[in-house]
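Below: the structure, in structure tokens.
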Amino acid sequence: MDSPECDVVVVGGGIVGLATAYQISRRYPERDIVVLEKEKVLAQHQSGRNSGVLHSGIYYRPGSLKSINCREGRQEMLDFCRTHDIPHEVCGKVIVATEEKELSRLNELFERGVRNGVACEKLDADRLRDFEPNCHGLAALHVQDAGIVDYRRVCFRLCELLQERGGVVQTASQVIQVVAREAEIVVEATTGSWRTQLLINCAGLQSDRVARLCGQQPEVKIVPFRGEYFELGEDAQHLCRNLIYPVPDPGFPFLGVHITRTIHGTVECGPNAVLALAREGYDKWQINWSDVWETLRYRGVHRLLAKHWSAGLEEVRRSFFQSVFLKSLQQLVPAVRSQDLVPAPAGVRAQALRPDGTLADDFVIQREGRFIHVLNAPSPAATSSLNIGGTIANQLNDVLGS
């Protein structure tokens, strides 16, 4: 029996994959689109295990894919949430300098925000307390454009809209083989096979592996970093009104431990960033020896560890000793106490690493013929997802026609 035919197969049922499929369905309404997700439920990894923050674009290098997609994607996401009645709030956030050495970086961040068109203002210590009365800092930025969103709900609504347009979303459908022929691609999954004109790889933590299944050699390798969270107990939730962030370390692509109110009314603290011992290792004791071996034999990891061993060791300490984690929080909000912290589910970030040991600090989208691979889409990918999907859809005329 012949495989079913379609025009586009999207691998990955997270927010980037679903947004891409949805945008292609809008741009090419007559085309048949299939999304294959290996889990039984959508948004089980990065899309459903994040802080739910709507990012402003203040952090990213002007002109970078992150900067462009975040600013344009933020507005698209807001419009989408308003149209489809998805819980969201533009509540603003503060980025806080707690030490003298951070003041120059805070000023640089403000200048970058202005260049990126972000609504932000400088605060002194007194003004900071107007926004976050329990926050300690020498100075801060107030970023009006930041907010919070229920991204899991966004994913489910994107799925519904795609299906209403005739698209197919298959869960529990892991891609196991891809064969490229002259005029088509044959995608074999655990639920069957598909013949398609185009394959778009949005597999997140597995994206480099899917690229290799397609016969491609990705320019980066995915290295998993586990981010661990706590929640503030009910008696301590008043300590954070909205979102409180530290000044990020410019040499590290993570934003540091922060305190964020979620759209569900809880207050999350975290994440740290430790090298995970499994691609989908949400428990610190979860080990996949095949994943460990693949990570440790990659020369980029050796160079990364040699360069950032001190910061990495501090993240490990923060993982194993709650007192160290607590100290990071108390630099921002001194009133937080150990008894206020309740363990919360962890997430794993799919971070692309280059052979020279540098962490990709921008989105990486690689196209080769009838294949498009989204190889690095960590934060702010959820904020940017609709714009990423739209950008990909607008590049498909050569395969799908105008």
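So how many residues does region 142-159 have that are of a type in the set (A, V, I, L, M, F, W, C) and either surrounded by fewer than 19 Cβ atoms within 10 Å (Cβ to Cβ) or under 24 Å from A236 (Cα atoms) (or both)?
Number of matching residues: 5.
Would you confirm, using the coordinates I've provided, whether T260 is crowded, with 16+ Cβ neighbours inside 10 Å, of a type in the set (S, T, Y) and over 24 Å from the mean Cα position of the chain (by Cα)?
no
Here are some residues: V178, V186, V169, V90. Which one is touching a helix residue (DSSP H, G or I) at 6+ places or on another chain (Cβ under 6 Å), surrounded by fewer than 22 Cβ atoms within 10 Å (Cβ to Cβ) and within 28 Å of Q44 (Cβ to Cβ)?
That would be V169, the only listed residue that is touching a helix residue (DSSP H, G or I) at 6+ places or on another chain (Cβ under 6 Å), surrounded by fewer than 22 Cβ atoms within 10 Å (Cβ to Cβ) and within 28 Å of Q44 (Cβ to Cβ).
Table: residues versus (1) in contact (Cβ under 8 Å) with a residue 40 or more places away in the chain; (2) closer than 28 Å to Y28 by Cβ; (3) among the hydrophobic types (A, V, I, L, M, F, W, C); (4) in contact with a Phe, Trp or Tyr (Cβ under 9 Å, 6 or more places away or on another chain).
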residue	(1), (2), (3), (4)
A183	no, yes, yes, no
S193	yes, yes, no, no
T196	yes, yes, no, no
A211	yes, yes, yes, yes
C214	yes, yes, yes, yes
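Counting only residues that are among the acidic types (D, E) and at pLDDT below 95, which one in region 304-352 is surrounded by the fewest Cβ atoms within 10 Å (Cβ to Cβ)?
Checking each candidate, the answer is E314.
Out of all the residues in region 202-220, is one or more of a type outside the set (F, W, Y), assigned to a strand (DSSP E or B) and touching a strand residue (DSSP E or B) at 6+ places or on another chain (Cβ under 9 Å)?
Scanning region 202-220, I find no residue that is of a type outside the set (F, W, Y), assigned to a strand (DSSP E or B) and touching a strand residue (DSSP E or B) at 6+ places or on another chain (Cβ under 9 Å), so the answer is no.
Consider region 35-49. How many of its residues are touching a Ser or Thr at 6+ places or on another chain (Cβ under 7 Å) and surrounded by fewer than 24 Cβ atoms within 10 Å (Cβ to Cβ)?
5
For region 66-179, list the helices (runs of 4 or more DSSP H) that sit wholly inside it and hold at least 3 residues that are over 21 Å from G256 (Cα atoms); which are they?
125-131, 151-164
Any residue at all in region 78-93 that is of a type in the set (S, T, N, Q), out of contact with any His (no Cβ under 7 Å at 6 or more places or on another chain) and under 16 Å from A19 (Cα atoms)?
yes
Looking at (1) surrounded by 15 or more Cβ atoms within 10 Å (Cβ to Cβ); (2) over 29 Å from I58 (Cα atoms); (3) free of Cβ contacts under 8 Å to residues at least 60 places away in the same chain, which is the one condition that is false for G281?
The failed condition is (3).
Could you tell me which of the residues H142, H136 is without any contact (Cβ under 8 Å) to a residue 60 or more places away in the chain and closer than 30 Å to K327 by Cα?
H142
Filtering region 31-65 down to residues that are outside any helix (DSSP H, G or I) and of a type in the set (S, T, Y), which residue is modelled with the lowest pLDDT?
Looking at residues that are outside any helix (DSSP H, G or I) and of a type in the set (S, T, Y), I get S51.
The values are calculated or read from the model by the stated rules, or taken from the named source; none is laboratory data. A quick note: this is a predicted structure, and the numbers were derived from the prediction, not measured. We place every Cβ from the backbone using ideal geometry, glycine too, and count neighbours over all the protein chains shown.
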